[in-house]
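Contents: one structure, followed by commentary.
The values are calculated or read from the model by the stated rules, or taken from the named source; none is laboratory data. On a predicted model such as this, the values are computed, not experimentally measured, just so you know. Cβ: placed from backbone, ideal geometry, glycine included. Neighbour counts: every protein chain shown.
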Amino acid sequence: MMNITPNVPSVISSEVVFSIDIRHENSEYLEQMAVLTETICGAYDGPCEVEAWRIAESDSVYFDDRMTDAVEEACIALQTPHRRMFSAAGHDARQLSYICPTAMIFVPCEKGISHNEAENATPGDLRDGAKVLADVLTKLGNDTDTNSKEI
């Protein structure tokens, strides 16, 4: 996010506000990077005023191993290329992970671009992602161990 005032090409801006989104799978390292960013901004001694503040912060979340294993097993069974990856995205799965086991399934997007109007996933990749989801839901729905009170 960038807010530039005035935002015209022929005028030197009087104010620029921008965000830095810091993400890491280790919550302690994440906090260290946030503090370091604030320290660097606070130590700046140039012609412009620099101020840093946090608008949001949250610890890293790890999804339930049973759920991520189920996704990986579905990929293997369906011969779908896959890899486990950490995501610090603020999706519903992150919020729900505090009350029930969750995981996320990502499909490849052209040039790695997502949540953007340039996002482009092929119909085949979307089909494969839907097949993985259907396989996981079928397995979990039929598994008496996962139909207990804890889930």
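On the stretch given as segment 73-119, residues that are among the charged types (D, E, K, R) and crowded, with 16+ Cβ neighbours inside 10 Å total 1.
Each residue in segment 120-147 was checked for being among the polar types (S, T, N, Q), surrounded by 12 or more Cβ atoms within 10 Å (Cβ to Cβ) and free of Cβ contacts under 8 Å to residues at least 24 places away in the same chain, and 2 of them qualify.
Conditions (1) in contact with a strand residue (DSSP E or B) (Cβ under 9 Å, 6 or more places away or on another chain); (2) of a type outside the set (D, E, K, R); (3) over 22 Å from His91 (Cβ atoms); (4) modelled with pLDDT of 95 or more, marked per residue:
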| position | (1), (2), (3), (4) |
| --- | --- |
| Ser19 | yes, yes, no, no |
| Glu25 | no, no, no, no |
| Val50 | no, yes, yes, no |
| Glu57 | no, no, no, no |
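Has segment 7-29 got at least one residue that is exposed (fewer than 10 other Cβ atoms within 10 Å of the Cβ), more than 30 Å from Gly124 (Cα to Cα), assigned by TED's automatic domain parsing to the domain that holds Asp125 and not polar (S, T, N, Q)? Checking segment 7-29: not a single residue is exposed (fewer than 10 other Cβ atoms within 10 Å of the Cβ), more than 30 Å from Gly124 (Cα to Cα), assigned by TED's automatic domain parsing to the domain that holds Asp125 and not polar (S, T, N, Q). When restricted to residues that are within 17 Å of the chain's Cα centre (by Cα) and not in a loop (DSSP other than H, G, I, E, B), segment 1-29 contains 2.
Residues of segment 123-144 that are modelled with pLDDT of 95 or more and over 19 Å from Thr102 (Cβ atoms): Pro123, Gly124, Asp125, Leu126, Arg127, Asp128, Lys131.
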